[in-house]
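Below is one structure, written out as structure tokens; comments come after it.
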Amino acid sequence: MEQLKEILHSGSCRGVARSHQGKIRRFERRGVADLFSLVTDDPQFLRGASVADKVIGRGAALLLVKGGAREVYAEVVSSGALEVLRRAGVEVSFGREVPNIINRTGTDICPVEKLTAGTSSPDEAYVLIKGFLKDKNL
């Protein structure tokens, strides 16, 4: 995890994942787009993986659980995300816990955080996020 934190803190990406085989993937896009793509396009990659990210909200946490991540570090994590990860038995560490992830303009709760607030199902969250990303053309 320390190697992943170093990559994250270097400022070269928003997040980074290491598969249990040692392969590294960097997340460049904002929000959950890269994580969603990884779960969709390479579903085995996250099985047993370690992930470090700048911000993890409830939606990202549900995707990480769906993907089978073993260990997660977040610079900032929402209380809802922390609950999801802990309930699923994911080893989690973080810099700062916040009640909710806030949107980019700072005016409201993050739309994916709001979207997934009513579910604890990783599969349901996946479908909700898929629709959200499709609507945003991401």
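Values for this structure:
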read-out: q = 0.11, 0.15, 0.28 Å⁻¹, region 8-82: log10 I(q)/I(0) [Debye, one scatterer per Cα]; value: -0.21, -0.41, -1.55
read-out: Count of Lys pairs (Cα-Cα under 26 Å; at least 8 positions apart or interchain) in the chain; value: 18
read-out: Relative contact order (%) - criterion: Cα under 8 Å, at least six apart; region: region 74-138; value: 25 percent
read-out: Share antiparallel - DSSP beta bridges, the chain, percent rounded to 5; value: 40 percent
read-out: Whole-number Å³ per residue for the convex hull built on Cα positions in region 19-138; value: 96 Å³
read-out: Accessible area of region 2-138 divided out per residue, in Å², using a probe of 1.4 angstrom; value: 51 Å²
read-out: Helix-only CD estimate at 222 nm, as mean residue ellipticity for the chain, using -39500 (n - 2.57) per DSSP H run (n ≥ 4); value: -11500 deg cm²/dmol
read-out: Value of relative contact order over region 9-122, rounded to a whole percent, pairs C-alpha under 8 Å and six or more apart; value: 21 percent
read-out: DSSP-defined beta bridges in region 56-128 - what % are antiparallel, rounded to 5; value: 10 percent
read-out: Length added when fully stretched, Arg87-Glu2, from 0.36 nm per residue minus Cα-Cα; value: 28.2 nm
read-out: Spin-label model distance (nm) - Arg30 vs Lys134, 7 Å beyond Cα toward Cβ; value: 2.4 nm
read-out: Relative intensity, log₁₀ I(q)/I(0), of region 2-46 from a Debye sum that treats every alpha carbon as a point, q = 0.20 Å⁻¹; value: -0.63
read-out: Whether region 72-138 is rounded, prolate or oblate, judged on the alpha carbon gyration tensor where a/c under 1.5 counts as rounded; value: oblate
read-out: Most mobile of Lys66, Lys23, Lys114 in a GNM of the chain (Cα contacts under 10 Å); value: Lys23
read-out: Percent carbon-and-sulfur accessible area, the chain, ignoring ligands, DNA and RNA, probe 1.4 Å; value: 48 percent
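The values are calculated or read from the model by the stated rules, or taken from the named source; none is laboratory data. Every value quoted in this text rests on a predicted model; they were computed, and no experiment measured them. Backbone-built Cβ (ideal geometry, glycine too); neighbour counts: all protein chains shown. Just so you know, the surface numbers come from the protein's heavy atoms only, side chains and all, with ligands and any DNA or RNA stripped out. Shrake-Rupley method; radii C 1.70, N 1.55, O 1.52, S 1.80 Å.
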